[in-house]
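Peer 1: Shown below is the structure under consideration.
The values are calculated or read from the model by the stated rules, or taken from the named source; none is laboratory data. All of these numbers come straight from a predicted model, not from anything done at the bench. So basically every Cβ, Gly included, is an ideal-geometry build from the backbone, and we count neighbours across all protein chains shown. SASA here: full protein model, heavy atoms, side chains in, ligands and nucleic acids out. Shrake-Rupley method; radii C 1.70, N 1.55, O 1.52, S 1.80 Å.
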Amino acid sequence: MRIRRICAAVVATAAAFALTACSSAAAPSESASPSQGAVAAADLTLTTVDGERTLDAVPERVVVLDYASLDTLNAVGKSDVVVGTATKSLPESLKSYADVENVGTLKEPDFEAIAELDPDLIIISARLAEQAPQLEEIAPTVNLSSDSKNWLESVNERAVDLAALFGEEAAAQERVDEITTAADELRGKAGEAGKTMFVMSSGGKLSTYGPGGRYGFVFDDLGFVSADEAATADEARHGKEISFEYIGDKNPAQLLVIDRDAAIGSEGQAAEQVLDNTIVNATDAAKNDRITYLDAASWYLVGGGLDTTKSMIDELSAAIGG
């Protein structure tokens, strides 16, 4: 079976930019504080999943349990405010944060470690929504998850909103403009790629996502044609479990694949091995070299930050020869 792997080549530029931006910034420290110019330009109101939240001052110490927000802070040069994050599962593009305090995982926060850091702000994603009330007892806690029903617009809004909190709205907007341009270009040719199936491999099992679901923006926002219109928001987070026969029956012209095990560092059969069988190999996607293995960490762990959103769009563009 012929495959194409795009993750390393396409993401390299974005990842390098992210690492360069972070390494050039001051190392995270307790004494770090926003500049006077940033304070003057700061917008202290954040639009969160739960509505608007206005802070009393520009945060100087931030715990980030949402890699998309960490990616955005890194992209606009605000690494110095980050005093804690989930360091054990950091993707390569955010490895420069490995030395900040570890405060648990993206699903299980270490409340004691967070409290000891005395943060001014805690940023979480949907994975920690249920723990938000407990975290709120430590410091103002905001859920900055993107909206799966309006993904690209909400990603851009979240990024600009967060950057504006530190007076970096212009820097974020410049990056958002680049994302918008890339998305427009992709949207203009995505429909020509034929029926597309978005698949996740995890523990040897497969699931697919269609319009309206967790990765529905590939179809809803970016114009790809779904090979499986039935895989909708009913399986929004975990997808619709499928078999090899299901893939063969739908016969997609293109397969976009995420290897969840690779993203979380779990041992198991690689997605390429799982899909390397006679049924999948008989599909148009396999016969025409249209199986693309996306950068798992960007898509599964980080998706929604300024750097990763651009790299994700670039991967999709490369997948269809753009």
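Peer 1: Based on the alpha-carbon gyration tensor of segment 74-156 and its eigenvalue square roots a ≥ b ≥ c, which shape applies: rounded if a/c is under 1.5, prolate if not and a/b is larger than b/c, or oblate?
Peer 2: Numbers: a/c = 1.65, a/b = 1.14, b/c = 1.45.
The shape class here is oblate.
Peer 1: Using modelled backbone amide H atoms (1.01 Å from N, in-plane), which distant-in-sequence or interchain residues come within less than 5 Å of GLY104's amide H?
Peer 2: Amide H neighbours of GLY104: THR87, ASP110.
Peer 1: Which stretch or stretches of segment 241-273 have amide N atoms under 20 Å from the point lying 7 Å from LYS88's Cα along the Cα→Cβ direction?
Peer 2: Correct set: 260-268.
Peer 1: Under a point spin-label approximation (7 Å from Cα along Cα-to-Cβ), what is the LEU55-ASP289 distance to one decimal in nm?
Peer 2: The two pseudo-label positions are separated by 4.9 nm.
Peer 1: Evaluate 2.2 N^0.38 Å with N set to the residue count of segment 83-226, then give the Cα radius of gyration divided by it. Numbers along the way, then the final one.
Peer 2: Working: Rg = 18.0 Å, N = 144, 2.2 N^0.38 = 14.5 Å.
Here the answer is 1.24, to two decimals.
Peer 1: Also, I was wondering about something else. Rounded, prolate or oblate for segment 101-145? Axes are the square roots of the Cα gyration tensor eigenvalues, ordered a ≥ b ≥ c, and the cut-off for rounded is a/c under 1.5. Please report the intermediate quantities before stating the final value.
Peer 2: Numbers: a/c = 1.68, a/b = 1.25, b/c = 1.34.
Oblate.
Peer 1: Separation of segment 86-159 and segment 41-57 by C-alpha centroid, Å?
Peer 2: Each part's Cα centre sits 16 Å from the other's.
Peer 1: Under a 1.4 Å probe, what is the accessible area of segment 262-312 per residue, stated in Å²?
Peer 2: 36
Peer 1: Another question, then. Kindly state, to the nearest 0.05, the FRET efficiency for ALA129 paired with ASP184, given R0 = 51 Å and r defined as their beta-carbon distance.
Peer 2: Efficiency for this residue pair is about 0.95.
Peer 1: Taking square-rooted eigenvalues a ≥ b ≥ c of the alpha carbon gyration tensor, is segment 186-322 rounded, prolate or oblate, where a/c under 1.5 means rounded and, failing that, a/b exceeding b/c means prolate?
Peer 2: Details: a/c = 1.32, a/b = 1.08, b/c = 1.23.
Here segment 186-322 falls in the rounded category.
Peer 1: Taking 0.36 nm per residue of separation and subtracting the Cα-Cα distance, what length does fully extending ASP177 through ASP99 add?
Peer 2: Numbers: separation 78, 0.36 × 78 = 28.08 nm, distance 3.18 nm.
Net length gain for the segment: 24.9 nm.
Peer 1: Enumerate the amide H contacts of LEU46 below 5 Å, restricted to partners 5 or more residues apart or on another chain; note that Pro and chain-start residues carry no placed amide H.
Peer 2: Under 5 Å from the amide H of LEU46 lie the amide H atoms of ARG53, THR54, LEU55, each far enough along the sequence or on another chain.
Peer 1: Would you mind telling me the share, in percent, of accessible area of segment 141-243 contributed by carbon and sulfur at probe 1.4 angstrom?
Peer 2: 45
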